[in-house]
Amino acid sequence: MKISNDYLDDLLVRMAHHSTAIEGNTLTQGETKSILIDGYIPRAMNLRELNEVINYKGFMQFIRDNLEDLPPLSLELIKKIHFLLCQNAIDGVAGTFKTIPNMIIGASFTPTQPYMVITELQEWILNLEAQLETPEKEGIIEAICRQHIAFERIHPFSDGNGRVGRALMVYICLQKGIAPIVVTKEDKAEYISYLNTEDVNGLTKFSLKLNADEEARINLFS
């Protein structure tokens, strides 16, 4: 799959806009593009919201620098992605696993306790690697979706779990040589419903469509 620099710029803007908007960021996609691509802050804005979108430049630069051979997932890489996406936006905890228990509003389960995070994430990585051992794109996307739901149930960080989980979906797709899965803010309700109900089949069908849309977008930029 040939990926152009223009497409990576486009992916940067849309990831930064949609993933942060799902978490409540109010910047528009046009404002996000102005900040990330044009280097211009178009109006006075909340500093946290500004930093949330700026942080995606670091994440995308890491992908650009390693696109031909993206490093395998590890605890350190997951913490690095959290740091890149959350520095200057989450007070004092960017790049560190949670140390006190946390909860998800309305969840019917309790996320993993802090003392179990490392063990469960190590198992999560091994399970993902085993499930990705398939030549079929549909199988790869199903594995990514199953493990995305599992990651959000572990909830390894005190904050920023959603944006890190969605960034990992993009990362793994690129690592496997397929078009990324980019969840848009317009799809938030459907996406959250699949997470809440642990609907792997529903999330997989949803993600296959997003993957196909993204593949078409890559071809247009190429």
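What FRET efficiency would be calculated for the residue pair Thr96, Glu123, taking the C-beta separation as r and a Förster radius of 30 Å, to the nearest 0.05?
Efficiency for this residue pair is about 0.90.
Quick check of the Kirkwood formula: for segment 131-195, what is the inverse mean of 1/r over all pairs of different Cα atoms, in Å?
12.4
Mind running the shape call on segment 1-45? Use the C-alpha gyration tensor, a ≥ b ≥ c as the square roots of the eigenvalues: rounded below 1.5 for a/c, prolate if a/b tops b/c, oblate otherwise.
Oblate, since a/c reaches 1.5 and b/c is not below a/b.
Percentage of Cα-Cα pair distances in segment 1-84 greater than 23 Å, rounded to whole percent?
Counting every Cα pair in segment 1-84, those more than 23 Å apart make up 25 percent.
If we sort 14-21, 201-208 on the protection proxy, mean other Cβ atoms within 10 Å, highest first, what's the order?
Per-residue mean Cβ counts within 10 Å order the peptides as 14-21, 201-208.
Could you rank the peptides 62-70, 113-121, 141-149 by their average count of other C-beta atoms within 10 Å per residue, with the highest value first?
Ranking the peptides 62-70, 113-121, 141-149 by packing returns 141-149, 113-121, 62-70.
Over 10 Å intervals from 0, what percent of Cα-Cα pairs in segment 76-170 sits in each interval?
Bin by bin from 0 Å, the calculated values are 16, 48, 29, 7, 0.
Based on other C-beta atoms within 10 Å, arrange Phe97, Phe109, Phe221 from fewest to most.
Ascending number of Cβ neighbours within 10 Å: Phe109, Phe221, Phe97.
Before rounding to the nearest 500, sum -39500 (n - 2.57) across all DSSP H runs of length at least 4 in the chain and divide by the residue total; then give [θ] at 222 nm in deg cm²/dmol.
After summing the helix terms and dividing by residue count, I get -20500 deg cm²/dmol.
None of the figures in this text is laboratory data; all of them are computed from the coordinates on show. Everything numeric in this text was worked out from a predicted model, so none of it was measured. Neighbour counts are summed over all protein chains in view; Cβ atoms, including those assigned to glycine, are modelled from backbone coordinates with ideal geometry.
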